[in-house]
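One structure is given here, and the rest of the page talks about it.
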Amino acid sequence: MQHNPYEKFAQYYDTYVQHFADDLSFYCDSIKGSKFVVEIGCGTGRVLQALLGSGAHITGVDVSTEMLDIAKLRFADQLATEKLHLDIHNFLAAPMATHFDTALVTFFTFNYVLDDPQIFLSNLHDSMDDQGVLIMDLFCPKPFRLPETDGQWYEMSFSTDGRTIQCRDRRTMSKEREIRTQIYLDGSDETEIITQRRYYPTRDSCSIVRFRLVRCTVFQILLH
């Protein structure tokens, strides 16, 4: 994850992801009783917003400064109380100095780790208590579930700051990787984002994780 595609469209991303809420109750239930929680890939704070009432000390980390800048504006009051911390950090580079009892790798963040997933997980492992719990959200590419969608363009729109943003979205599979092209039309401005996500089947995920698998839960996030 040396190249961070979110730098180009943090403002669009913040509005776009607010439509996704199906996973929030799952995360809130999962951290009950936790004291120190970290969300890896927190973005602009979609999940963090739901976690703030838990009573735990929450840390959100991301590799994108632009994403975290939006989150800092959103959570200025909470940051002042020290119940919430935001840090830029890449687990492919090093562990964190703080230890956590619960780690959330949300919204398919791990699937953006295209290479060296063992390094990412090893550094995360070293950032957690001995009895820490890891909750990781993995995706199944849409072209795998619906082969007829491979290579097809789909259109959607959303509003931000009184403007309507048009988005064209296409996904194709290349071996274990999904290549996703998004084109955002904002008036006369056009921004193209190309991202890749690696598909980790359950059996492969278990073989590279240094954590003991306790439970596998399946839920859908619509439209993603």
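For Lys83, the shell of other residues with beta-carbons less than 13 Å away shows a net charge of -1, using +1 for Lys and Arg and -1 for Asp and Glu. Under the convention that each Lys and Arg Cβ holds +1 and each Asp and Glu Cβ holds -1, the size of the dipole of the chain around its Cα centre is about 580 debye.
In a simple Cβ point-charge model (Lys, Arg +1; Asp, Glu -1; nothing else charged), the range 142-197 has a dipole of about 360 debye relative to its Cα centre.
Remark: spin-label model distance Thr15-Lys35 equals 4.3 nm, labels positioned 7 Å along the Cα→Cβ axis. Note on the range 1-133: dipole from Cβ charges, positive end direction compared against Gly33, Val61, Leu114; the farthest Cα belongs to Gly33. When you count the other C-beta atoms within 10 angstrom of each residue and take the mean per peptide, 68-74, 37-43 line up highest first as 37-43, 68-74.
Taking every eigenvalue of the Cα gyration tensor of the chain, multiplying by 5 and rooting it, what semi-axes result, largest first, whole Å?
In descending order, the three semi-axes are 28, 23, 16 Å.
By counting other Cβ atoms within 10 Å of each Cβ, how are Tyr154, Tyr16 ranked from fewest to most? Before the final figure, lay out the partial values.
Working: Tyr154 12, Tyr16 21.
Least crowded to most crowded, the residues run Tyr154, Tyr16.
Most tightly packed first, judged by the mean number of other beta-carbon atoms within 10 Å of their residues, the peptides 87-93, 145-151, 183-189 read 87-93, 183-189, 145-151. For the range 142-197, the residue among Thr191, Thr164, Gln152 whose Cα projects farthest onto the positive side of the dipole built from Cβ charges is Gln152. In the chain, the DSSP-assigned H stretches of four residues or longer account for a calculated mean residue ellipticity at 222 nm of -6000 deg cm²/dmol, using -39500 (n - 2.57) per stretch and the full residue count as denominator. With both labels modelled 7 Å from their Cα along Cα-to-Cβ, the Ile194 to His85 distance reads 3.8 nm. When peptides 102-115, 53-66, 159-172 are ranked by their average number of other Cβ atoms within 10 Å per residue, the highest-first order is 102-115, 53-66, 159-172.
Can you give me the relative contact order of the chain as a percent, contacts being Cα pairs under 8 Å and 6 or more apart? Intermediate values should be presented prior to the final figure.
Working: 376 pairs, mean separation 39.5, N = 224.
Averaging sequence separation for qualifying contacts and normalising by length gives 18 percent for the chain.
Projecting the Cα atoms of Ala93, Pro143, Gly43 onto the charge dipole of the chain, computed from C-beta unit charges around the Cα centre, puts Pro143 farthest toward the positive end. Using Cα-Cα distances under 8 Å and only pairs 6 or more residues apart, what relative contact order does the range 49-140 have, in percent? Relative contact order here is 29 percent.
Coordinate-derived values only; no laboratory data. Everything quoted here is computed from the prediction, not taken from an experiment. Reconstructed Cβ throughout: ideal geometry from the backbone, glycine too, with neighbour counts over all protein chains shown.
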